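Visitor: Quick one: the structure is below, questions incoming.
Throughout, read-outs are computed from the coordinates displayed, never taken from laboratory work. Computed from a prediction, not measured in an experiment: that's the story for all the values here. Neighbour counts are summed over all protein chains in view; Cβ atoms, including those assigned to glycine, are modelled from backbone coordinates with ideal geometry.
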Amino acid sequence: MTDHLPILLLLSPLFGALVCVLFGKGNSKNAWIVSMISLGISSILSVFLLLKVLSIKGGDIRYRMGGWDPSSGYEVGIELRVDILAALIVLAVTLVGFINTIYSKTRVPAEVGEKGPFFYALIQLLIVGLCGIIMTNDAFNLYVLIEITSLTSYALIAMGNRRAALSSFNYVIMGTIGASFYLLGVGYLYIKTGTLNIDDIHTYLENENLWTSQSIIVAFILIMLGVWTKMALFPLHGWLPNAYSYAPSMTGTFMAPLMTKVMVYVMIRVMLWLFGADFVYSEDSVWGELIVWMSVVAIVAGSFLALARNDIKKMLTYLIIAEVGYMVGGAWLNSLTGQAGAFYHILSDAAMTFCLFIAASIVIIRTGESRLNAFDGLFRKMPLTMIGFTIGGLSMIGLPPTCGFFSKWYLISGGIESGHWEFVVALLFSSLINAVIFFKIFERAYFGKIKGIKEEVSVADIDMIPAEGIKSVPASMLIPLFISALSVLILGIMNKNLFSWISNALKMING
Amino acid sequence: MKFFGLLSVIIVGFLLLSATKDFPNWGDEDSPANSGPVSSFYIEKTEEKTKVPNMVTAVLADYRGYDTMFETVVIFIAGIGIIAVLRTYGNNESIPKNQVGDEGAGLLARMTCSLILPFIQLFALYVVAHGHHSPGGGFQGGVMLGASYILLALAYGLARAKSCFSEKRTLVFAALGIFIYVGWGVLCLVMGSEFLNYSALDSILPGGVEMARSHSMLAVEIGVALTVTAIMFSMFSNLSTKGRLDKGL
Amino acid sequence: MADLESSLIPFFAWLVSLVAVPAIILLGRKPDAREGVTFFAAIVKFSLVLLMLPLIREGKILHFSFGEIIEGIPIEFRVDGLGILFAIVASSLWILTSLYALGYMRSLKEHDQTRFFACFALSLSATIGVAFAGNLLTLYIFYEILSLSTYPLVTHHGDKEARSGGRTYLSHLLGTSVAFVLPAMIYCYWKKGGDINFTDGSLLTTNIDSGAGLILLLAFTFGFAKNGLMPFHSWLPNAMVAPTPVSALLHAVAVVKVGVFCVIRVFTGVFGIDLLRDLNVAVVVSWIAAFTVITSSLIALTQDNLKRRLAFSTIGQLSYIILGVSLLTSLGVTGSILHVAMHAFGKITLFFCAGAIYVTMHKKYVSELVGIGRKMPITMTAFAIGSLSVIGLPFTGGLVSKWYLVMGTVDLGADGTVDSGKIALLVIFLVSSILNACYFLPIVYRAFFCRPEESLYEGGRQEAPLACLIPLCITALLSVISFFNPSLFIELAGLIIK
Amino acid sequence: MDIIIASFLEDSIVPKFNYWIYVILMMIGLYAMITKNNLIKKLIGMAIFQTAIILLYVSVGVKADANIPIISHHGEKDHVEHAQNENLDSASEGSSHHGSKKEYHVIDKNKFANPLPHVLMLTAIVVGVSTLGLALAISQKVHGSFGTLEEDEILDQLRPGGHD
């Protein structure tokens, strides 16, 4: 049965979604239970998948849909392909989905009302799409799955207020342009190679030696443009901040950690597997330097925009844009450490973004204030929440032993290895900006006057914390916060193993 | 903005055109896409392996059945997405029977509609069922079937159409369609081979491995058709009433 | 080459004050038990450190590892002479400071005492962690933890001034460490090819050219901004808004000494004296340090707030230490290592006195201290001793370390070093000592020999509470003793040099 | 000069006119998506864009003298018997079809258009339809809450309150 793990962990949320829809309107409670079960199953399965992949040393699991064996060396069916990298990201996706479902227990009735079942159906289908994207080995199937994630996210975002609907519309436009560019790129590849399987395309290009062909270069550019649009790399980021900050909170908490990261994974996959390192990092190609510089610009601009924001979620979304710059730059550094660092940063950034978004959502919900002054005096009022937020923030800044520190470590060493000092400087700069941003918040939370509580209380001895602050946050929101904060630390502690797995897997493809 | 848009559009256009100079010409038989092993496999081996003369259907429902499954899911997502975005559960108790017929088109249109509706639906079912041998398949047939209900709604008003295709029923049908598709794949999985590997079903389906594939294709096409029908109608009814589902148009 | 001996003692010595933190927080409602925990932890820590002392003197190096965290980089403790010396100073003074803090905080009825003592213990753990750190990463981690854990102490009062002080504090310390130390550390890691453990020789092999070497050295020297080297010094005066015990322990001993300690580590453990001599880049550092010495002394002259004056004097003294190391002569390095201890005793005495004066008379300005010697003779005597020690006059430890520093300067050009600007440096030592005298002795003089204004007469003699008085006497005594018997420190320093 | 133009027509435009058409359509659609002020017009542009891509794919699968990729059923019965002994030797010598391939009536692959692009485009069409429907729903919600579909008017409405 373990041969079927990849498809099984896809099917579980799919069936879950069907059941949720059958519940019809209003029945949020059952839908919650169903999605807990289905996502729990798929997270367990993805753990097994990871173990299985680790057990086969360095190999990868291939799963032929419909059992069609290749004819004359070319896949005629669709093939799933899972290696350590894919298994790690799948685990992250399913876990984030599961934990986020816990978080959404109380929020769904409050924010989407009777449409709860549809929300849960959509979120499970989104997870199906993300896992499929990660595991598929077929360029066109990748497009279909990208569209699945896009459609679900359009709907999920548009379930929010009127601003959400508008930003979701912009997201539709941008997302469609991005996906269509990707589709065009795949079409060009198909015209030149006559196959759609990623490995087969690579081998065909290798055998025919089409690397210098104009159409292949254009196809590469198109696919990159598409993927960058979907991951909101800096000049193409316009849709992201509004979409994530006006969406329902449990949508934001789910999408912010995952969507951009998975697209980064797709980018790395396309770069290293579909086209291959020799083509991407070739000396006579102009784009290598250019894109590292683009990522530098993205990092700097994202940090500055985040610094300029007074709205909590907006600030976090701009930080995400800066982080996307990290990953794109790291992937393009043409050093194994850089790629592996970018990959490790996918995981760690997912963890810390998740942590920060949950904490921010709790704060906004509890204080009813979306500006930064919501944080005034929160260390006394809701210390548990603030502990989670602090861990996330420290990781964003990159202080040990949080995972943010180690991902910065690897990215910087990648930059030093490949001599891209501008990237190193940009990373350090953004950590400094993050430090400013977050310590500004910590100071507010630490000294700020609590609304409603008098001065002498707010400087009272730490022993008499007003307890209702803690009680007022339900466990279904605190537990996810703690799990995510814990995962930030755990990822940091066990970065050595993760990094060795990742770099081994990448060594295999880079040769 | 306009200038910027124009500029970027032109840049993209030139980028795309610059690539076409080493593209195959129009109708080139020896282009990699047309003469490559994959497409030649589809053309030469399809009938031999699946007994389905319509290669498009075979590729759609068997070789790339995984794709098609997600394609159906996309439709499904669109349907429930529209409901999730647009549907407003206000006072949407359906209009009492005596009012049925107040809306909708005039007498002539209704008569024509009631005359041609059965044939439309019959043809739709034919397109679904005969997709193996002639152009057609689940999507086309499903769209026609959905269109027939839309026509009903146009002629007799949404309430009439809802009386035979209520919202609950649309959701059930949509889910059922995907359930048939995915369940069929799971059945293959239970029979001990890969997901959607229909050849595993020859023990329970008549006519050997090839016919098993052929029959399975019919099954999944039916699933697709169900989903498409339901979602088409629900899309129409939601969009036409801003999600109130009270009175069409 | 000292022999490595793995041992748990460093770990426990580090752990003691850490486990004290939750205990302190839990006992927050019972102040006596709370302070009891503090004392207990402090004494246990000190005794553990003393326990290690004989082993170290045998030339052993105690070693404890938490396990690798990055490929080739464990989080590990590696206790050698320098580390143990610093640990002794810090942990012994922690006991005294706890006592002092007890008197100070209670007599001023400060708020949030639990938080205060908890953070205090935490910062001590971080300090010990830095002292024992076996490689750059461990050093860096504990350095950051120290910065963060002292932030609540600096901003203890929570008013506007304290906040801005804390802001400067964090922005300088975190900013410099992230911006300079982190890349430098990673560069070393990459250059060395996967480990950055401190060695007796040089971590970096000689394949580094002097340009990169200079940049690396400056990155480290400025990166550890706790050493108060100009232009990244302004956090120290601003941090004086903290309660006096904090200023005393942290900004006279722990924090600033951590800064210079890191620099000494970098010089001896990362580059290695020989490599630096080959590269011939340390002279830049020594000139920056010399500049800092003079400038800070001049600024100190102009300060009327006693604690700010002390702070600027601290900056100057720290630069002595950096200057001594950057001379690269064995005597110079010995001198700076000694100065770590000697200056600690002297300066903490001064801070204790300042705090005592504030507690009893609520005076914080130099101009108000006229004739105060009659009012609180013991305190002012201790103050006199402390200032003598900081200036470096006889019968105080300050003289010993300064003697070594000067001799180290004289040695310039003797053993393979370049004697660039030998005379100038000597002049700088002389001038700066005179300046130190200029900003300390007048206080003492006016305290004892000028007739005070009327307000000071009533009430007669009035000393600070005993809890404040005893520690400052002891520290004053220590700085005298360390003049007559500095052998231990010299020996430990000798373990680093070879 | 006109020689050049003529040769350009000869090699680049006439034999590759399908690409030109699709690129022009695509540019129209993209331009509408980027610059149009009315949301519905943006969606129309989107539809044109996707149609252009579909055109590209389908035009790739065209072969000069080929028919739709459906094998017409003349000679039903020899088909059947072939199928039978196909079963036989597939039973005898495993699933190696090379043996049976000879007695199967050989299919000239140039007589049939390439089926794969059609399949892909069926998917793409469905995706396009779904996207369009969802986008229409969203624009209806926008219209319901802002009362207009002109982007600039919506932004004007947002300016006083909105801090972005």
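Visitor: Given H placed on each backbone N at 1.01 Å, which residues far from C:TYR365 in sequence or on other chains put an amide H within less than 5 Å of it?
Guide: For C:TYR365, whose amide H was placed from the backbone, the distant partners under 5 Å are C:LEU306.
Visitor: Going by C-beta contacts inside 10 Å, put A:MET294, B:MET1, B:MET111 in order with the fewest on the left.
Guide: Listed from fewest to most nearby Cβ atoms, that is B:MET1, B:MET111, A:MET294.
Visitor: Tally Lys and Arg at +1 and Asp and Glu at -1 over the other residues with C-beta under 12 Å from the C-beta of A:VAL144: what net charge comes out?
Guide: Combined, the nearby Lys, Arg, Asp and Glu give -3.
Visitor: Strictly greater than 21 Å: what percent of every Cα pair in the range A:253-352 meets that?
Guide: Above the 21 Å cut-off, the range A:253-352 has 34 percent of its Cα pairs.
Visitor: Arranged from highest to lowest average of other beta-carbon atoms within 10 Å per residue, in what order do the peptides B:188-200, A:491-503 appear?
Guide: Taking the mean over residues of other Cβ atoms within 10 Å, the ranking is B:188-200, A:491-503.
Visitor: Quick one: Debye curve from the alpha-carbon atoms of the range C:280-498 only, equal weights, vacuum; give me log10 I(q)/I(0) at q = 0.09, 0.12, 0.13, 0.15 Å⁻¹ to two decimals.
Guide: Those come out to -0.37, -0.62, -0.71, -0.90, one per q.
Visitor: Can you give the helix-only mean residue ellipticity at 222 nm for chain C, where every DSSP H stretch with n ≥ 4 adds -39500 (n - 2.57) and the sum goes over all residues, rounded to the nearest 500 deg cm²/dmol?
Guide: Rounded to the nearest 500, it is -23000 deg cm²/dmol.
Visitor: Just for the Cα atoms in the range A:286-511, what are the lengths along the principal axes, largest first, rounded to whole Å?
Guide: That works out to 63, 33, 25 Å along the principal axes.
Visitor: Taking θ = phi - 60°, what integer Hz values does the Karplus form 6.51 cos²θ - 1.76 cosθ + 1.60 yield along the range C:113-125, in sequence order, with x for Gly and Pro?
Guide: 5, 4, 4, 4, 5, 4, 4, 4, 4, 4, 5, 4, 4
Visitor: Still on this structure, I have one more. Cα centroids of the range A:230-292 and the range A:56-73: how far apart, whole angstrom?
Guide: Cα centroid to Cα centroid, the span is 28 Å.
Visitor: For chain C, what is the Kirkwood estimate of the hydrodynamic radius, computed as the reciprocal of the mean inverse distance between distinct Cα atoms, to one decimal in Å?
Guide: Numbers: mean 1/r = 0.0446 Å⁻¹.
One over the average 1/r among Cα pairs gives 22.4 Å for chain C.
Visitor: Could I ask something else about it? Kirkwood hydrodynamic radius (Cα pairs, Å) of the range C:206-280?
Guide: That comes to 13.5 Å for the range C:206-280.
Visitor: So what are the protein assembly as shown's ellipsoid semi-axes, whole angstrom, largest first, if each one is the square root of 5 times an eigenvalue of the alpha-carbon gyration tensor?
Guide: Values: eigenvalues 1044, 242, 140 Å².
One finds semi-axes of 72, 35, 26 Å for the protein assembly as shown.
Visitor: What number do you get for the range A:336-391 when its Cα radius of gyration is normalised by 2.2 N^0.38 Å, N = residues?
Guide: The range A:336-391 yields a ratio of 1.44.
Visitor: What is the local net charge at C:ALA225, summed over the other residues whose Cβ is closer than 14 Å to its Cβ (Lys, Arg +1; Asp, Glu -1)?
Guide: +1
Visitor: Given an 8 Å cut-off on Cα distances and at least 6 residues of separation, report the relative contact order of chain C as a percent.
Guide: Relative contact order of chain C: 15 percent.
Visitor: Give me the lysines in straight-line cross-link reach of A:LYS381: C-alpha distance below 22 Å, same-chain residues under 8 apart excluded.
Guide: In chain and number order, the partners are A:LYS313, A:LYS440, A:LYS449, A:LYS451, A:LYS454, A:LYS471, C:LYS160.
Visitor: If you don't mind, there's one more thing I want to ask. Can you work out the Karplus-derived ³J(HN,Hα) for every residue in the range B:124-136? Use 6.51 cos²θ - 1.76 cosθ + 1.60 with θ = phi - 60°, whole Hz, and x for glycine or proline.
Guide: Coupling constants for the range B:124-136: 4, 4, 4, 4, 5, 6, 9, x, 6, 10, 9, x, x Hz.
Visitor: Still on this structure, please answer the following. Just how far, in whole angstrom, is the range C:1-69 from the range A:1-16 if you go by their alpha carbon centroids?
Guide: 52
Visitor: Let me have the relative contact order for the range A:286-511, percent, based on Cα pairs under 8 Å that are six or more residues apart.
Guide: 28
Visitor: What is the average number of partner chain Cβ atoms found within 10 Å of a Cβ in D:53-66?
Guide: Mean number of neighbouring Cβ atoms from other chains: 5.
Visitor: Quote the Stokes-Einstein diffusion coefficient, in whole µm² s⁻¹, for chain B, based on the Kirkwood radius over alpha carbon pairs, a temperature of 37 °C and a viscosity of 0.692 mPa s.
Guide: 157
Visitor: I need two numbers for the range A:54-208: Rg to one decimal and Dmax as a whole number, Cα atoms only, in Å.
Guide: Gyration radius and largest Cα-Cα distance of the range A:54-208: 18.6, 58 Å.
Visitor: Another question, then. Hey, what angle do you get for helix C:136-154 against the long axis of chain C, alpha-carbon based, 0 to 90 degrees rounded to 10?
Guide: 20
Visitor: If the cut-off is 17 Å between C-alpha atoms, which lysines fall inside it for A:LYS261, apart from same-chain ones fewer than 8 positions away?
Guide: The qualifying lysines are A:LYS230, A:LYS408.
Visitor: Something else about it: Using θ = phi - 60° and the Karplus curve 6.51 cos²θ - 1.76 cosθ + 1.60, what whole-Hz ³J(HN,Hα) does each residue of the range A:25-38 get, with Gly and Pro shown as x?
Guide: 6, x, 8, 5, 4, 4, 4, 4, 4, 4, 6, 4, 4, 5
Visitor: Now for a separate question. For chain A, take N as its residue count and report Rg(C-alpha) divided by 2.2 N^0.38 Å.
Guide: Output field value: 0.95.
Visitor: Per DSSP helix of 4 or more residues, -39500 (n - 2.57); summed, then divided by the residues of chain A. What does that give at 222 nm, rounded to the nearest 500? Display every interim value, and only then the final one.
Guide: Values: 22 runs with 386 residues, N = 511.
Taken over chain A, the calculation gives -25500 deg cm²/dmol.
Visitor: Determine, for the range C:280-498, the count of lysine pairs separated by eight or more sequence positions (or lying on different chains) whose alpha-carbon distance falls under 13 Å.
Guide: 4
Visitor: List every residue whose amide H lies under 5 Å from the amide H of C:HIS63, counting only residues 5 or more places away in sequence or on a different chain, with H placed 1.01 Å from N in the peptide plane.
Guide: Under 5 Å from the amide H of C:HIS63: C:GLU5, C:SER6, C:SER7, C:VAL79.
Visitor: Return the tail of the calculated pair distribution for the range C:328-380, meaning the percent of Cα-Cα pairs more than 15 Å apart.
Guide: Working: 781 of 1378 pairs.
Tail fraction, whole percent: 57.
Visitor: Another question about this same structure. How large is the dipole of the range C:125-251 about the Cα centre if only Lys and Arg carry +1 and Asp and Glu carry -1, each at its Cβ, rounded to the nearest 20 debye?
Guide: Working: 6 positive and 6 negative charges, 42 e Å.
Once rounded to the nearest 20, the dipole reads 200 debye.
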